[in-house]
Amino acid sequence: MLRIKAEDFDLQHWMRLNAHFPKGKVAEYFKTEEECEQHLFHTIWKLGYLCPRCDYEGDIWVQKTRRMYQCPNCRHQYTGRSVTDLYRKRASLLGCFKGAEWIIASMAGGKFSTQTIANFSKIVGLSYRPARKLRLEMFEELQKPMGGFWGTLLCDDVIDEYAYEGDRYTELLEYYEIDDPEDGLSKFRK
């Protein structure tokens, strides 16, 4: 459960992020890890490719068998993950996308007290400790304007302040087959 003070909670921010999420669920929008990696790569280099080592701008070489990219100038090989905070993380991109969706939907629905690490680890597909660390990092990033890295990666560019369609939290509970989280918290509220 996240420990958030009432004065630190900005419901409008979370509702805005939720409104810019693609229609449907992330699992329906991105079906494979390759689709997620492609989306990550195209989001990072929207304005054109730039080598992380030598700042070469232009075309790059794609190594499809290893899912890597190579700079033709300095021959540096890199992936979409290696230039982000996901470098050396075990979590799958699809799991991270689902986790970001879970955080945004639960916070926009005002259900942040039911957001447990057990539920998050089930969605992301990690054990407790890495899931806890990933959730804290994601939450900090999502609190930034426009959702930081995860917001720009998953949310639409079109800003519509009034596009909030309601609570997606209960829909996600059913989709990820998570039992009612309120039952598990009742023993801690004594």
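Filter region 102-123 for residues that are open to solvent by less than 10 Å² (accessible area, probe 1.4 Å) and either among the hydrophobic types (A, V, I, L, M, F, W, C) or under 14 Å from the mean Cα position of the chain (by Cα) (or both) and give the result. TRP102, ILE103, ILE104, ALA105, SER106, MET107, ALA108, PHE120, listed by residue number. Remark: pairs (first residue in region 66-79, in contact (Cβ under 8 Å) with a residue 40 or more places away in the chain; second residue assigned to a loop (DSSP other than H, G, I, E, B) and open to solvent by 40 Å² or more (accessible area, probe 1.4 Å); Cβ separation under 7 Å; 6+ apart in sequence or on different chains) = THR79/ARG67. If you go through region 55-69 and keep only what is among the acidic types (Asp, Glu), open to solvent by 100 Å² or more (accessible area, probe 1.4 Å) and assigned to a loop (DSSP other than H, G, I, E, B), you end up with just ASP59. Of all residues in region 40-61, those that are in contact (Cβ under 8 Å) with a residue 24 or more places away in the chain have Cβ atoms under 8 Å from Cβ atoms of residues that are surrounded by 11 or more Cβ atoms within 10 Å (Cβ to Cβ) and among the β-branched types (Val, Ile, Thr), 6 or more apart or on another chain, in LEU40/THR84; THR43/THR152; ILE44/VAL83; ILE44/THR84; CYS51/ILE60; PRO52/VAL83. If the condition is being open to solvent by 50 Å² or more (accessible area, probe 1.4 Å) and either in contact with an Asp or Glu (Cβ under 8 Å, 6 or more places away or on another chain) or at pLDDT 80 or above (or both), then region 13-32 contributes ARG16, GLU28, TYR29, LYS31, THR32. Residues that are of a type outside the set (Val, Ile, Thr), touching a helix residue (DSSP H, G or I) at 6+ places or on another chain (Cβ under 8 Å) and not in a helix (DSSP H, G or I) within region 104-159 comprise GLY109, GLY110, LYS111, GLN115, GLY125, LEU126, SER127, GLN143, LYS144, CYS155, listed in sequence order. If we scan region 70-80, do we find a residue that is under 28 Å from ALA100 (Cβ atoms), open to solvent by less than 100 Å² (accessible area, probe 1.4 Å), in contact with a strand residue (DSSP E or B) (Cβ under 7 Å, 6 or more places away or on another chain) and part of a strand (DSSP E or B)? So far as region 70-80 goes, yes, one or more of its residues are under 28 Å from ALA100 (Cβ atoms), open to solvent by less than 100 Å² (accessible area, probe 1.4 Å), in contact with a strand residue (DSSP E or B) (Cβ under 7 Å, 6 or more places away or on another chain) and part of a strand (DSSP E or B). Report, by residue number, each residue of region 81-99 that is open to solvent by less than 40 Å² (accessible area, probe 1.4 Å) and farther than 22 Å from CYS54 by Cα. Within region 81-99, ALA91, LEU93, LEU94, GLY95, CYS96, PHE97, GLY99 meet the criteria.
The values are calculated or read from the model by the stated rules, or taken from the named source; none is laboratory data. Since this is a predicted model, take the numbers as computed values, not measurements. A quick note on method: Cβ atoms are made from the backbone with ideal geometry, for glycine too, and the neighbour counts reach across all protein chains shown. To get the accessible areas, we keep the full protein, side chains included, count just its heavy atoms, and leave off ligands, DNA and RNA. Shrake-Rupley method; radii C 1.70, N 1.55, O 1.52, S 1.80 Å.
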